[in-house]
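These notes concern the structure reproduced below.
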Ligand code: FAD
Ligand code: SIN
């Protein structure tokens, strides 16, 4: 058994920036960070384009960033959250610069600012096309110097401990559900450990692995959302899955390599198989329209012309500048025989970001007491029906700070729970057929991609739900009888997340932002967040 005042699940931008602040505030307290594989294996590490923020007040303004975020969010953003994130963002960005993050500068020493879809101004700070890798590096280096932070790697959190584990009946209607800590599988010993905490932060990232084609690494299996849902906490707006318009088309390769939107910001043009620059037929902002519009346009062009991808044309761009800004993309394309100065890059949309998640208030508090959430696993109200590009790293920083401010005060009123039972494996056996798990995940990814993708219909959603019911029943039977493994838990979590996406999509009887249902092509007058 482990006891810790502050327990952080996740070692991406959200978890690490929170841990650093709490550790600096309470130098005498130990902060425990848990991560299911390597410390740097996170969605954060793969971020390319950069982090949005108003840093050039001569050309940009908070009001413009707020408006761009609200327009992308298609009516469902919480205006208070948007204002908080946009206005507090620049200070938080300065903190990661102080922790050693290097953003690209021009020869005069001014930051080079990029532009992506939906932004009216150049406001994206970046480190070439590997911004996330640079941020993760700087955070991990700073954490390694902070003596009171311990990172436990290869440790898989299985469930939140609540009153349910003390033998009480806990339902959605139970008031004051409380988090006492977590059960986690230590992959070094293969034993479940009980970790009791006063304050717990979920910074567990995204869920792109629920789809067959995704830009998200293997760790992005929606564990945090699934655990909170099982613990009867509130989950919001899961139907809003963002498909990035331009993932490199490379059949059989998973995850998909991203071609950052910043390439279009620098002049890249989308073309169909006939060479036509089609975006002007869909939106006056053309290639830099918000992501939902560009992804749907590409989907439509692919269906119309019977192809599995479109092209991103960069041939006309200055090669030297391209290589300087996008060295990683240049090298990746070269490695598969694409010379960007001569060939167009084949691209197709891929599941990329979960706009919904664990519902929080403006301090990152979830509906479960003493449990906070921030980063991609949370739903703070910033993104509404569609996230504005490069707003997620910013949101993670602003909300990890707010979780920290609230948590360091709150901890004084919370004591460790006593008499929490150890994990019981009674009646379970070792898994004999791994194929039952891997096949369930494949089936799930296929059905989500085929029936719950960019364009949805009532019949497809019904079909998806029927298949999900069966997968759910099968995985629960397996879970009851088998000792836990990361693969089994991830399959179970992914199926839960798939269910929440479909359920949200069925409740939303309109087309808004990232959710497009041809049976309800218009927008409802009722502005509604779907809370499950
Ligand atoms: P993550 O960085 O994903 O970290 C999640 C952590 O939780 C990991 O440490 C993981 O091990 C841990 N974890 C999860 N479940 C468990 C469990 N059960 N037990 C133990 N540990 C667990 N956003 C931008 O703003 N700008 C960009 O340019 C940008 N580019 C992107 C490019 C790509 C290819 C991708 C995939 C995303 C991009 N995003 C971008 C989105 C952004 O990177 C993520 O939303 C953000 O990094 C999420 O950070 P996080 O800290 O919430 O989660
Ligand atoms: C990209 O670089 O295109 C991704 C940016 C994001 O997801 O915000």
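The values are calculated or read from the model by the stated rules, or taken from the named source; none is laboratory data. Keep in mind the model is a prediction, meaning the values are calculated, not measured. Quick reminder, even Gly has a Cβ in these numbers, built from the backbone with ideal geometry, and neighbours come from all protein chains shown.
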Might you check whether a residue that is loosely packed, with under 15 Cβ neighbours inside 10 Å, more than 16 Å from ligand 2 (Cβ to nearest atom), touching a residue at least 24 places away in the same chain (Cβ under 8 Å) and farther than 28 Å from residue 5 by Cβ occurs anywhere in segment 410-425? yes
Please verify whether segment 138-150 includes one or more residues that are within 21 Å of the chain's Cα centre (by Cα), within 15 Å of ligand 1 (Cβ to nearest atom) and surrounded by fewer than 21 Cβ atoms within 10 Å (Cβ to Cβ). yes
If you scan segment 100-147, which residues turn out to be within 16 Å of ligand 2 (Cβ to nearest atom) and part of a helix (DSSP H, G or I)? 131, 132, 133, 134, 135, 136
Filtering segment 463-493 for residues that are touching a residue at least 40 places away in the same chain (Cβ under 8 Å) and farther than 21 Å from residue 432 by Cα leaves a count of 1
Which residue is surrounded by the fewest Cβ atoms within 10 Å (Cβ to Cβ), if the candidates are limited to segment 388-409 and must be in contact with a strand residue (DSSP E or B) (Cβ under 6 Å, 6 or more places away or on another chain) and closer than 20 Å to residue 4 by Cα? 407
Could you say which residue among 97, 93 is at pLDDT 95 or above, more than 15 Å from ligand 1 (Cβ to nearest atom), more than 20 Å from residue 34 (Cβ to Cβ) and in a helix (DSSP H, G or I)? 97
Unmet criterion (only one of (1) in contact with a strand residue (DSSP E or B) (Cβ under 9 Å, 6 or more places away or on another chain); (2) within 30 Å of residue 423 (Cα to Cα)) for residue 458: (2)
Restricting to segment 476-502, and then to whatever is more than 17 Å from residue 237 (Cα to Cα) and more than 16 Å from ligand 1 (Cβ to nearest atom), can you tell me which residue is surrounded by the fewest Cβ atoms within 10 Å (Cβ to Cβ)? 480
Residues in segment 45-69 that are in a helix (DSSP H, G or I) and in contact with a helix residue (DSSP H, G or I) (Cβ under 6 Å, 6 or more places away or on another chain) total 6
Out of the residues in segment 182-209 that are under 19 Å from residue 501 (Cβ atoms) and out of contact with any strand residue (DSSP E or B) (no Cβ under 7 Å at 6 or more places or on another chain), which is surrounded by the most Cβ atoms within 10 Å (Cβ to Cβ)? 205
The condition from (1) surrounded by fewer than 23 Cβ atoms within 10 Å (Cβ to Cβ); (2) touching a helix residue (DSSP H, G or I) at 6+ places or on another chain (Cβ under 7 Å); (3) outside any loop (DSSP other than H, G, I, E, B) that residue 165 misses is numbered (2)
So which strands (runs of 3 or more DSSP E) are wholly in segment 188-279 and hold at least 2 residues that are under 22 Å from residue 461 (Cβ atoms), touching a helix residue (DSSP H, G or I) at 6+ places or on another chain (Cβ under 8 Å) and within 16 Å of ligand 2 (Cβ to nearest atom)? 241-248
Which is at pLDDT below 95 and more than 18 Å from residue 529 (Cβ to Cβ), of 343, 352, 325? 325
